[in-house]
Amino acid sequence: MNIGVFASGRGSNFQAILNAIQQGLLPARVTLLLSNKSDAGAFEIARSHAIPAVHLSQKLFSDEASFAAAMLQTLWDHEVRLIALAGYLKKIPTIVVREYRNRILNIHPALLPSFGGQGMYGHHVHEAVLASGAKLSGATVHLVDEEYDRGPIVLQKTVPVEEHDTPETLAARVLKVEHEIYLLALKAFAENRLTIQGRSVWIR
Ligand code: GRF
């Protein structure tokens, strides 16, 4: 299965996906890294694994339609079957969501539907979890639809929120389970073990 990874930042989820492929744990290959940020750390990871990498930012286009068309063409050029968002901070254009319906996954560092939506990324999420007094946090893999963090949930795993947690210590604990469950979800997809019925998704 050909995966296209979208990342805006350092790329630890991207690296975890590549490690799993190299260890024979994930029957797939990454044929594309796409980023909206020309200085994303993920580019260095792509370079070191000889993975084609494309900088695609809406700022480089006169309108959203031509940006979305360029994104679709880039996906087709790299024969991408599944899109894996890994710290990609932009909303996916509607025509791409439609073309790749139920074939776009995202990892979010909290237990959706709580602590998600526009602006809820990185340390903002963990600050909100700590401010809420929640005793559990965790990570969520979900299918991507036309709204931020609202698509059907595929997998979740919890972590405890500890007394002296800071956004950084909580983020580090959550990141570990992110890498773990993203692999499980991608593997289930690659092995056709996902059942999707409306908003319900089950792994066989
Ligand atoms: C992760 O915490 C992910 O859940 C969120 O963005 C962060 C990206 O981290 N969407 P990395 O770039 O994969 O290390």
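Summary of values
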read-out: Sites ILE95 and LYS135, calculated FRET efficiency, Cβ-Cβ separation with R0 35 Å, nearest 0.05; value: 0.25
read-out: Ranked order, LEU105, LEU194 - accessible area, probe 1.4 Å, largest first; value: LEU194, LEU105
read-out: Paramagnetic reach from ARG193 (point 7 Å along Cα→Cβ, amide N under 12 Å) across segment 10-49; value: 26-27
read-out: Helix 12-22 vs. the chain, principal-axis angle (Cα, 0 to 90°, nearest 10); value: 70
read-out: Magnitude of the charge dipole, segment 79-144, Cβ model with Lys/Arg +1 and Asp/Glu -1, debye to 20; value: 180
read-out: Farthest positive-ward along the chain dipole, Cα basis, beta-carbon charges - from LEU170, ALA20, PRO160; value: ALA20
read-out: Dipole magnitude of the chain, debye to nearest 20 (Cβ charges: Lys/Arg +1, Asp/Glu -1, about Cα centre); value: 520
read-out: Estimated dipole of segment 153-195 in Debye, rounded to 20 [Cβ of Lys and Arg +1, of Asp and Glu -1, Cα centre]; value: 320
read-out: Share, in percent, of DSSP beta bridges within the chain that are antiparallel, nearest 5; value: 50
read-out: Rg(Cα)/(2.2 N^0.38 Å) for the chain, N = residue count; value: 0.98
read-out: Residue pairs, from the table LYS90/LYS135; LYS59/LYS176; LYS90/LYS157, whose Cα atoms sit over 31 Å apart; value: LYS59/LYS176
read-out: Using alpha-carbon coordinates, inclination of helix 167-190 to the longest axis of the chain, degrees; value: 50
read-out: Mean accessible surface per residue for segment 1-100, computed with a 1.4 Å probe while every protein chain stays in place, in Å²; value: 47
read-out: Of all accessible heavy-atom area on segment 1-100, the percent that carbon and sulfur account for (1.4 Å); value: 50
read-out: Degrees between helix 64-77 axis and first principal axis of the chain (Cα, 0 to 90, nearest 10); value: 80
read-out: Heavy-atom accessible surface of segment 143-204: percent carbon and sulfur, 1.4 Å; value: 55
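The values are calculated or read from the model by the stated rules, or taken from the named source; none is laboratory data. If you're wondering where the values come from, they're calculated on a predicted model, not measured in any experiment. We place every Cβ from the backbone using ideal geometry, glycine too, and count neighbours over all the protein chains shown. With ligands, DNA and RNA removed, areas are computed over all heavy atoms of the protein, side chains included. Shrake-Rupley method; radii C 1.70, N 1.55, O 1.52, S 1.80 Å.
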